[in-house]
1. Would you check if VAL300 is touching a residue at least 60 places away in the same chain (Cβ under 8 Å), crowded, with 22+ Cβ neighbours inside 10 Å and more than 25 Å from TRP550 (Cβ to Cβ)?
2. For region 674-710, enumerate the residues that are surrounded by fewer than 13 Cβ atoms within 10 Å (Cβ to Cβ) and closer than 22 Å to ALA570 by Cβ.
3. Scanning for something assigned by TED's automatic domain parsing to the domain that holds ARG353, polar (S, T, N, Q), in a helix (DSSP H, G or I) and crowded, with 19+ Cβ neighbours inside 10 Å, does region 472-494 turn up at least one residue?
4. Can you tell me which of (1) of a type outside the set (S, T, N, Q); (2) modelled with pLDDT under 95; (3) over 29 Å from the mean Cα position of the chain (by Cα) is the one ALA546 doesn't meet?
5. Name the one entry in ASP389, ASP376 that is in the same structural domain as ASN460 (by TED's automatic domain parsing), out of contact with any Phe, Trp or Tyr (no Cβ under 7 Å at 6 or more places or on another chain) and either closer than 21 Å to ARG456 by Cβ or of a type in the set (Asp, Glu) (or both).
6. Please state which of the following conditions PHE403 fails to meet, knowing it meets all the rest: (1) under 30 Å from TYR291 (Cα atoms); (2) surrounded by fewer than 24 Cβ atoms within 10 Å (Cβ to Cβ); (3) touching a strand residue (DSSP E or B) at 6+ places or on another chain (Cβ under 9 Å); (4) not small (Gly, Ala, Ser).
7. Does ILE280 fit the bill of being in a helix (DSSP H, G or I), under 19 Å from ASP18 (Cα atoms), at pLDDT 95 or above and not aromatic (Phe, Trp, Tyr)?
8. Here's a check for you: in region 179-214, which residue that is among the basic types (Lys, Arg) and crowded, with 17+ Cβ neighbours inside 10 Å is farthest from LEU147 (Cα to Cα)?
Amino acid sequence: MKLEKQELDLEQVKSLGDTFVIGNGHLGYRGTLEEYTKSQGVGLNIVGFYDRYSSKWRESVNVANPIYIKSYFNDKCLSVLENTPLNHNIALDTEKRVFSRKTEFDDAIITSSRFVSATKDNLIGFEYKLTAKSAGEYSILAGIDALIDEINGPHFATKKVYRKEGLIIFEGQTNESKVAYVKLKLICDSDYIEKEEENYRLTNEYKKNLEAGESICLVGVADIEANDFIDETIDISSYELKDYLNLKDEHIKECLAQWSISQVVIDGPKDAQEGLDYSIYQLLSIAPHKYITSIPARGVSGQTYKGAIFWDTEVFMLPFYILTNPSVARGLVEYRIKGLKGAKKKAKDFGFRGAFYAWESQEEGYEACSLYNITDAKTGEPIRTYFADKQIHISADVIKALFDYSTRTNDYTLLNHGGLEAALEVARFYLSYSSIDKNGVYHLNDVIGPDEYHERINDNTFTNYLVKDVISKTLKYFNELKEKSPYKVSKLLTKIKMSEKELDDIIKFENNIYIPSTNDIIEQFNGYFALEDVKVEDVRKRLTTANEYWGKEASKTRVIKQADVITLLALYPRDFSLDIAQRNFNFYEPYTEHGSSLSASMHSLVASRIGLKDKAYQFFMKTALADLGESTKKYAGGIYIGGTHPAANGGAYLSAIFGFAGLTYDGAKIKLQPHLPTEINSLTFKFYENKKVYEANVTKDSYIIKEVKL
């Protein structure tokens, strides 16, 4: 697929920067033009590299821009910011993961392309050509711009740009005393003059007298290094044109290989294919490979949501990687195991035992979520929110992902290397959080479920159900390991200081945790049915400003932000009959605002299962086009939340594969049950099962699965 934007629209610079972003799971470079600066939202972001300035929010760090280029004809600047082009086009090749641009002015044509390497995580490559339309003096100014666009910065307490060994180098030290480098190697067949602009810009000027049709061609390679993210095997100072071309060829070859295993071919509407292609492009672009990091809630598109990791990764994205790249899936789970230290600290900080995972996770499981996460859109005053301390389902989400990965890949090594420890610490946390009534029933009170508009509620069904499930799986695996290797179990219990009594208490808790009746409409939480019975539009009319936070008004009513009970039904399809699923879908869907990009896919999954094919397709298209339209929210209570939507991208894949194709697991064995909507005639996709690759072709009432070689 080639995503294109014809003509120039300076009012869409920020949203286009999101949509046309390129990345490799470690670096993200926004889809901006070479002549743009921080004013147009240029951003080169490092996943997992964080800093805090003063009392502002701690967030991922943007570093200096190594693709700062301006062109001139007889000293006239050829920039879309200063001259209206005759023609302008930007494009994104989703299979090769290459961004390109072509801009025609009266006097010259600019063509360029760039990629973030899929084979060398720290490198970015680009090429830029200025072609004359008439005779005259042409020049290219290229180098590093260290004026950085930041949401909660400045993050570099000190910074400098200098030259060394044929490179232009940015060096910055953050407020937390971490060091980042951007090293730029420029390659051109023209001589250059060293230039130094004001305000931390250092460039080379390449100047030539050209006849019409002649060009100045420039290529560049940038090496981005930061503290724990350094590849000592790379030295770009000796790079020549052939090295750049090899880097590009390797990148494209790897991208095409990843695309081959990941693509889903739809025999159906073009926009459905394009939406799913783009979603898969994003999922490939944000997948970490070299470093044990995870996927931020806004992918690699920038600093929104502090570059932190949410439950989005485990619930909405992990299934894609389990099927198409198990090694990436393993790394995502390993990230959470390595975050156990932070989870234990958070539990202790809030007065509990065990492991309370971060709602907004940064390195080592550090909790980045503040207690005042939203501002009042009318007054500008901060609003106390309870995401950090009450959204306790996050720990169960993490452990569910651990068991999903282990059973679906038949790889239990992570459980044996820190995973079981994490699971037991999570069980310990829930026991310490719970209260017990006079009948011996355990309750999880004062929580927030996936809905989020209803805070400090009691016995959220989604939360309680998940907690019971993951503790049950933990105890089952614990007992199996105890039989096989009692010494290992004894050693683990000693390490985490868990007594037999505490273990018995966890068993008692799991056996007696409160689960509401699931024989009819499932009450989202205790007291939900007693709330004011109004619908979404009724609450919308009560809002006084466009960006007002819905949680204040909706909390008094049955209106919910996103799928809650529906998410439970989507994650546990075997546990609920078709009749119960249909009743609950029909009940909750009219109350759902879908104020989050996470909501539509869960509704699509359940709608597919219960035979509401039109609804399933509508919700699929909503999630598949989340980043290709203007339907998603840009603000929540005065806070900018724009950027790409990886959970929606993952949700589009879930809707197609687990919904339309009806994929289910029996242990590590995959089964299909087609639920194709009217608009789609067939789906074809590949997946891993027990280290072999299979291709499935699914039609309206049948399917064929065959083993294939990549």
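The values are calculated or read from the model by the stated rules, or taken from the named source; none is laboratory data. Nothing here was measured: the structure is a model prediction, and the numbers come from that model. FYI the Cβ positions are ideal-geometry reconstructions off the backbone, even for glycines, and counts take in every protein chain you see.
1. When the stated conditions are applied, VAL300 passes them.
2. The answer is THR678, and nothing else.
3. yes
4. The single condition ALA546 does not satisfy is (3).
5. Just a single option satisfies the conditions, and that option is ASP376.
6. (3)
7. Yes: the conditions hold for ILE280.
8. It comes out as LYS208.
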